[in-house]
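Trainee: Dropping the structure in here first, questions after.
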Amino acid sequence: MNIFRLITDASLVVKAILLILLFFSVFSWTIIIFKRKSLKSAAVQSQKVLVLFKKSRNLSDVSEASKAFPSSPLASIFQAGFKEIAYLAKSNPQAAPNGASLDNLSRALTKASNAEVAKMEKLMSFLATTGSVSPFIGLFGTVWGIMDSFLNINMTRSASLLSVAPGIAEALVATAVGLFAAIPAVIAYNTFLHRIKDFITDMEDFSLELLSIAERLYGTP
């Protein structure tokens with residue numbers, strides 16, 4: 001029995017379900033490819049920023065060099081932190097700022113970190129939705145196919161395999177397509193979520209280093 005023949009001969013409801021599942025699958029694969037590329041680029045560039053940050057003793061030089069790494073969340077955090085540090089130095093050229101100034105720096109770093117996390121988590125919800133919803137959509141196609149099989153038995157007054165096989169086959173196709181859409185989405189979601197958690201840890205450590213530098217330079221004596 002040809003699977004393409006089964007799809008073309010399927011009922012309108014089953015065809016609609018298969019189209020919906022096809023949309024989920026294609027869009028989720030597009031997101032998977034995009035997220036994999038963007039997270040890899042972010043990791044590579046962040047490593048370069050981190051090496052640059054540890055080697056350089058001049059924050060201004062790091063600020064200029066980090067502009068060459070737009071995909072790095074660490075570069076964005078550093079830019080936000082350096083902007084606040086420069087403001088502290090400009091507003092208090094002679095005296096050391098008070099603790100409130102360093103609190104402002106901490107808030108700026110936190111805000112930048114949250115923005116980067118939100119950027120990395122963009123479209124992740126669709127992968128989660130695909131992984132959780134697609135099997136149930138396929139299950140609905142399964143139920144509908146079985147209903148068609150029983151209706152066919154009632155119409156033909158025959159319970160032979162030939163009368164019920166098409167409906168059952170449609171049901172199995174819908175289930176298979178649902179799983180085909182869901183499984184890669186679940187795997188990708190869990191993989192990307194783990195990578196994002198690693199990025200969050202790196203950003204927290206990097207922010208603490210910037211705060212430590214600011215405290216040494218501008219902390220209250």
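The values are calculated or read from the model by the stated rules, or taken from the named source; none is laboratory data. Remember, it's a predicted structure, so these values are computed and weren't measured experimentally. So basically every Cβ, Gly included, is an ideal-geometry build from the backbone, and we count neighbours across all protein chains shown.
Trainee: Report yes if some residue within the range 47-58 is of a type in the set (Ser, Thr, Tyr) and in a helix (DSSP H, G or I); otherwise report no.
Mentor: no
Trainee: Could you list, ordered by first residue, the pairs with Cβ atoms under 7 Å in which the first is in the range 99-112 and under 13 Å from Lys83 (Cα atoms) and part of a helix (DSSP H, G or I) and the second is at pLDDT 80 or above and not hydrophobic (A, V, I, L, M, F, W, C), at least 6 apart or interchain?
Mentor: Correct list of pairs: Asn104/Glu84; Leu105/Gly81; Leu105/Glu84; Ala108/Gly81; Ala108/Glu84; Leu109/Gly81; Leu109/Ser207; Ala112/Ser76.
Trainee: Among the numbered criteria (1) at pLDDT below 75; (2) among the hydroxyl-bearing types (Ser, Thr, Tyr); (3) surrounded by 13 or more Cβ atoms within 10 Å (Cβ to Cβ), which one does Ser160 miss?
Mentor: Status for Ser160: all satisfied but (3).
Trainee: Still on this structure, I have one more. Would you please list the contacts, defined by Cβ atoms under 8 Å and residues six or more apart or on different chains, that run from a residue in the range 186-198 that is surrounded by 19 or more Cβ atoms within 10 Å (Cβ to Cβ) to a residue that is of a type in the set (Lys, Arg) and in a helix (DSSP H, G or I)?
Mentor: Final answer for the pair search is Ala188/Lys35; Ala188/Arg36; Phe192/Lys35; Phe192/Arg36.
Trainee: From Phe136, Phe140, Phe150, which residue is among the hydrophobic types (A, V, I, L, M, F, W, C), more than 30 Å from Thr201 (Cα to Cα) and free of Cβ contacts under 8 Å to residues at least 24 places away in the same chain?
Mentor: Answer to the selection: Phe150.
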